[in-house]
Amino acid sequence: MKQKLQEIKVAAEKVLKEAEDMEVLESIRVRFLGKKGELTSVLKGMGALSPEQRPVIGALANEIRTFLEKEIEEKKADISAKLQEIRLRSEIIDVTMPGKKREIGKLHPLTQVMDEIKDIFIGMGFEIAEGPEVEYDYYNFEALNIPKNHPARDTQDTFYIEDNIVLRTQTSPIQVRVMEKQRPPIRIIAPGKVYRSDAVDATHSPVFHQIEGLVVDKGVTMADLKGTLEAFIKSLYGEEAKVRFRPHHFPFTEPSAEVDVSCFICGGEGCRVCKGEGWIEILGCGMVHPKVLSNCGIDPEEYSGFAFGLGLERVAMRRYDIDDLRLFFENDLRFLRQF
Ligand code: DAH
């Protein structure tokens, strides 16, 4: 039995020396020291020994057990140190390496101005409405009191998808879409892209942006229109901005006006930006035409409203003193980075 114990010790030492990971180590522990392990089963056979031999073999067996336990613990520490070493090495960070620079983009100047305008109107209790860019002739023209052959169609020639489907030339059709679906009180702005078959030059583009506004309720008057637009313009251009309403004609409003703001470069003296006028035109507006209201099933005897439409590019150009519209659409970073 003594020999058997020595053999176990030698065998255990051999496999321990070769063990390189925790699983192997654990299987060695089970194999020798486990409940059904080799050393344990030797000890179980001690009953057959003579009383003199029993303490001798018992002591030896315990000695070997303690020895193996210690060996296994040491090996464990060994392996975990090695694993740690490997992990540390794989996680080494070279703090002297140059970092990866992430380019942070920014909002396009048109988006910035658009957001600013939206914020001003949201602050006044307006909601944002949307409509399709591919629009029926009916919504883009007809319902807005611009029948076929109306001269107002000449200035808004556009791209036809079919005879009665166009790329919208203005955001005004959204007025009709909102009034068809929603009963007054209505207070919306509708920003979006519009299209016209204009040749590209410094002040024209076949695609540009407008922001439409519409308020319909009982007892809405021209005074509400003037007050709202004046508040808007002063928010956008500053308290010192002066506002001028000039009579104009739009088929879908009556009366109609164009709105000028005092030139914010020269303050009204006359300069290059305002072309010596002292005023800069920024939007069209008017009281919603009774025909447009009734086209949308709203009784013009009961309700009235005002509407307005402004061109985003124009506002942005004047805001940043940009003299060529094309710059907005050419995606030249040298231009875009300035805002
Ligand atoms: N839709 C007009 C245009 O594109 C602008 C406009 C004028 C909109 C008067 C309106 C308005 O809502 O009342 O020229």
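For region 270-339, the helices (runs of 4 or more DSSP H) that sit wholly inside it and include 3 or more residues that are under 20 Å from Met179 (Cα atoms) are 290-295. Here Phe328 meets each of (1) open to solvent by 10 Å² or more (accessible area, probe 1.4 Å); (2) more than 20 Å from Ile189 (Cα to Cα) with one exception, condition (1).
Being in a helix (DSSP H, G or I) and within 35 Å of the chain's Cα centre (by Cα) is a condition met by no residue of region 204-211. Screening Ile282 with (1) open to solvent by 40 Å² or more (accessible area, probe 1.4 Å); (2) at pLDDT below 95; (3) within 13 Å of the ligand (Cβ to nearest atom) gives one miss only, at (1).
Could you tell me whether Thr203 is among the polar types (S, T, N, Q) and away from the ligand (no atom under 14 Å from the Cβ)? Before the answer, list the steps.
On the way: among the polar types (S, T, N, Q): yes; away from the ligand (no atom under 14 Å from the Cβ): yes.
Taking the combined requirement at face value, the residue satisfies it.
Within region 154-163, is even one residue part of a strand (DSSP E or B) and in contact (Cβ under 8 Å) with a residue 12 or more places away in the chain? Yes.
Would you call Val315 within 34 Å of the chain's Cα centre (by Cα), closer than 30 Å to Tyr138 by Cβ and at pLDDT below 95? Quick ask: steps written out before the conclusion?
Values: within 34 Å of the chain's Cα centre (by Cα): yes; closer than 30 Å to Tyr138 by Cβ: yes; at pLDDT below 95: yes.
So Val315 fits the description; yes.
In region 144-154, the condition of being touching a Pro at 6+ places or on another chain (Cβ under 8 Å) and open to solvent by 60 Å² or more (accessible area, probe 1.4 Å) is met by no residue.
When Ala129 is tested against (1) at pLDDT below 95; (2) under 34 Å from the mean Cα position of the chain (by Cα); (3) not charged (D, E, K, R), only condition (1) is not met. Among the conditions (1) of a type in the set (A, V, I, L, M, F, W, C); (2) touching a helix residue (DSSP H, G or I) at 6+ places or on another chain (Cβ under 9 Å); (3) over 30 Å from Leu327 (Cα atoms), the only one that Leu110 does not satisfy is (3).
Given the structure, is Ile211 surrounded by fewer than 23 Cβ atoms within 10 Å (Cβ to Cβ), touching a Pro at 6+ places or on another chain (Cβ under 8 Å), of a type in the set (A, V, I, L, M, F, W, C) and assigned by TED's automatic domain parsing to the domain that holds Lys148? Considered against the rule, which asks whether it is surrounded by fewer than 23 Cβ atoms within 10 Å (Cβ to Cβ), touching a Pro at 6+ places or on another chain (Cβ under 8 Å), of a type in the set (A, V, I, L, M, F, W, C) and assigned by TED's automatic domain parsing to the domain that holds Lys148, Ile211 comes out as yes.
Of the residues Glu258, Glu230, Glu239, which single one is in contact (Cβ under 8 Å) with a residue 12 or more places away in the chain, open to solvent by 30 Å² or more (accessible area, probe 1.4 Å) and closer than 24 Å to Met124 by Cβ?
Numbers: Glu258 fails: open to solvent by 30 Å² or more (accessible area, probe 1.4 Å); Glu239 fails: in contact (Cβ under 8 Å) with a residue 12 or more places away in the chain.
Of Glu258, Glu230, Glu239, the one residue that is in contact (Cβ under 8 Å) with a residue 12 or more places away in the chain, open to solvent by 30 Å² or more (accessible area, probe 1.4 Å) and closer than 24 Å to Met124 by Cβ is Glu230.
Only one of the numbered conditions (1) near the ligand (Cβ under 10 Å from one of its atoms); (2) touching a helix residue (DSSP H, G or I) at 6+ places or on another chain (Cβ under 7 Å); (3) open to solvent by 50 Å² or more (accessible area, probe 1.4 Å) is violated by Arg196, and that is (3).
Say whether the condition of being within 11 Å of the ligand (Cβ to nearest atom), within 35 Å of the chain's Cα centre (by Cα) and either assigned by TED's automatic domain parsing to the domain that holds Phe141 or farther than 13 Å from Gly286 by Cβ (or both) is met by at least one residue in region 220-229. Spell out how you get there, then give the answer.
Within region 220-229, the first condition is being within 11 Å of the ligand (Cβ to nearest atom), and the residues that meet it are 225, 229.
Restricting the remaining residues to those that are within 35 Å of the chain's Cα centre (by Cα) gives 225, 229.
Right, trim to either assigned by TED's automatic domain parsing to the domain that holds Phe141 or farther than 13 Å from Gly286 by Cβ (or both) and you get 225, 229.
Yes; the residues of region 220-229 include at least one that is within 11 Å of the ligand (Cβ to nearest atom), within 35 Å of the chain's Cα centre (by Cα) and either assigned by TED's automatic domain parsing to the domain that holds Phe141 or farther than 13 Å from Gly286 by Cβ (or both).
Taken over region 14-26, the criterion of being surrounded by 13 or more Cβ atoms within 10 Å (Cβ to Cβ) and assigned to a helix (DSSP H, G or I) is satisfied by Val15, Leu16, Met22, Val24, Leu25, Glu26.
Taking region 285-294 only, how many residues are of a type outside the set (D, E, K, R), open to solvent by 10 Å² or more (accessible area, probe 1.4 Å) and more than 18 Å from Asp224 (Cα to Cα)? Number satisfying all stated conditions: 1.
The values are calculated or read from the model by the stated rules, or taken from the named source; none is laboratory data. Quick caveat, the model's predicted, so the values are computed rather than measured. Heads up, the Cβs are rebuilt from the backbone with ideal geometry, glycines too, and the neighbour counts pull from every protein chain shown. Heavy atoms of the whole protein, side chains included, go into the accessibility calculation; ligands, DNA and RNA do not. Shrake-Rupley method; radii C 1.70, N 1.55, O 1.52, S 1.80 Å.
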